[in-house]
Amino acid sequence: MKNFLLICFLFFGAHSGLEAQNTTLNKQQTIAYINKLYKIAYRYKETKIDTVTVDGKVLTVFLSTGQHYRSDLSKSEPLAVARVKSGYQIRYKSAASTEEILWAIQTEDDAKRLQKALQHLIGILKTEKKTDPFGS
C-alpha cells in the first residue's frame, strides 16, 4: 500500500511539474518579460529604457530622455531581426529599416528572444476582445 501511495504521489508530482513548464505567459507577463529583457539588452549612448507599455494594439517605448516611440502591433506580417550599426533591431519584414519596433539591442540572442516575445504578444492581442469603444 505504501508503494502504491508513493507511486501515486510521484506520478502526480511529476505531472504537475510538467504542466507548470508548459504554461504560456499572459499579456501582462509577456509585457513584463519584454520590459525586463529590453532594459538589459538596449544600449545606445547614455539613454536608458524607462518602460515598455501596450495600449490596445500599440506598443510604446519610453526613454530616459523623455522621448517615446509608438509602434502598431496589428499588422499581420512576420517580424524580422535585422543587424544595423547600433546592434540589432526588430521590425516587420516589409517595413523600412527606420520603422523598427525595438532597436539598439546588443546581442542577436536577445533580439531573437524579444522577437519571440513580441510575436507571442501579437498573438494574444489578436485574440483579445476589444475594450476601447472608439478603437478599431
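The values are calculated or read from the model by the stated rules, or taken from the named source; none is laboratory data. Remember, it's a predicted structure, so these values are computed and weren't measured experimentally. Glycine gets a Cβ as well: all are built from the backbone with ideal geometry, and neighbour counts include every protein chain shown. Side chains are part of the model used for accessible areas, which takes the heavy atoms of the whole protein and leaves out ligands, DNA and RNA. Shrake-Rupley method; radii C 1.70, N 1.55, O 1.52, S 1.80 Å.
Take A117 and tell me if it is outside any strand (DSSP E or B), over 25 Å from L25 (Cα atoms) and either at pLDDT 95 or above or among the hydrophobic types (A, V, I, L, M, F, W, C) (or both). In short, no.
Answer yes if at least one residue in segment 99-107 is touching an Asp or Glu at 6+ places or on another chain (Cβ under 8 Å), within 18 Å of Y33 (Cβ to Cβ) and surrounded by 15 or more Cβ atoms within 10 Å (Cβ to Cβ), and no otherwise. Talk me through it step by step, then tell me what you get.
Taking segment 99-107 first, the residues touching an Asp or Glu at 6+ places or on another chain (Cβ under 8 Å) are none.
No, the conditions are met nowhere in segment 99-107.
In the condition set (1) modelled with pLDDT of 90 or more; (2) surrounded by 13 or more Cβ atoms within 10 Å (Cβ to Cβ); (3) touching a strand residue (DSSP E or B) at 6+ places or on another chain (Cβ under 8 Å), S86 is compliant with all but (1). Scan segment 48-75 for residues that are more than 14 Å from the chain's Cα centre (by Cα) and touching a residue at least 40 places away in the same chain (Cβ under 8 Å) and the total you get is 2.
You will find that of K130, K93, the residue that is touching a strand residue (DSSP E or B) at 6+ places or on another chain (Cβ under 6 Å) and over 17 Å from I34 (Cβ atoms) is K93 and no other.
Would you call Q67 out of contact with any helix residue (DSSP H, G or I) (no Cβ under 7 Å at 6 or more places or on another chain) and crowded, with 16+ Cβ neighbours inside 10 Å? If you could, list the steps in order and put the result at the bottom.
On the way: out of contact with any helix residue (DSSP H, G or I) (no Cβ under 7 Å at 6 or more places or on another chain): yes; crowded, with 16+ Cβ neighbours inside 10 Å: no.
Taking the combined requirement at face value, the residue does not satisfy it.
Hey, can you tell me all the residues within segment 45-64 that are in a strand (DSSP E or B), closer than 15 Å to I31 by Cα and either open to solvent by less than 80 Å² (accessible area, probe 1.4 Å) or touching a Leu at 6+ places or on another chain (Cβ under 9 Å) (or both)?
Residues of segment 45-64 that are in a strand (DSSP E or B), as a first pass: 47, 49-55, 58-63.
Retained after the next criterion (residues that are closer than 15 Å to I31 by Cα): 49-55, 58-62.
Matches in segment 45-64: I49, D50, T51, V52, T53, V54, V58, L59, T60, V61, F62.
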